[in-house]
């Protein structure tokens, strides 16, 4: 069987032309992708705290062996904003109690009747 050289060259040329067209078409689609500008960054800032002072415990009128509230002043250190959320804990590992701002730096926390003898620490957590 005799192969026609001109037919083989045309066939090879057609295959190469088709492959080239596919490559350029693929690149055209890839080149049309766009990515919006984005930003990223890293930074740090020191964590400063608050100073607790003027701590007062309120005892139950009916049973003075129970603490029913604790109040204190909470002053921001180094120009920090006043806290928005404050919690207090009276017994290490015990319950946390919600505190309310009275006015200015004064805060008060109503606590579930806690026996005076079990109170072993006053832990205040404050956050902006």
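The values are calculated or read from the model by the stated rules, or taken from the named source; none is laboratory data. What you see is a predicted model, and the numbers here were worked out from it, not measured in a lab. Every residue, glycine as well, gets a Cβ built from its backbone with ideal geometry; the counts of neighbours run over all protein chains shown.
Tally up the residues in region 101-128 that are at pLDDT 95 or above, surrounded by fewer than 11 Cβ atoms within 10 Å (Cβ to Cβ) and under 16 Å from residue 53 (Cα atoms), please.
0
Working only within region 96-108, note down all residues that are within 14 Å of residue 82 (Cα to Cα) and part of a strand (DSSP E or B). Lay out the reasoning, then the answer.
Residues of region 96-108 within 14 Å of residue 82 (Cα to Cα): 99-107.
Of everything in region 96-108, those that are within 14 Å of residue 82 (Cα to Cα) and part of a strand (DSSP E or B) turn out to be 99, 100, 101, 102, 103, 106, 107.
Listed residues 67, 111, 55; which is outside any loop (DSSP other than H, G, I, E, B), touching a helix residue (DSSP H, G or I) at 6+ places or on another chain (Cβ under 9 Å) and touching a residue at least 24 places away in the same chain (Cβ under 8 Å)?
Details: 111 fails: touching a helix residue (DSSP H, G or I) at 6+ places or on another chain (Cβ under 9 Å); 55 fails: touching a helix residue (DSSP H, G or I) at 6+ places or on another chain (Cβ under 9 Å).
Among 67, 111, 55, only 67 is outside any loop (DSSP other than H, G, I, E, B), touching a helix residue (DSSP H, G or I) at 6+ places or on another chain (Cβ under 9 Å) and touching a residue at least 24 places away in the same chain (Cβ under 8 Å).
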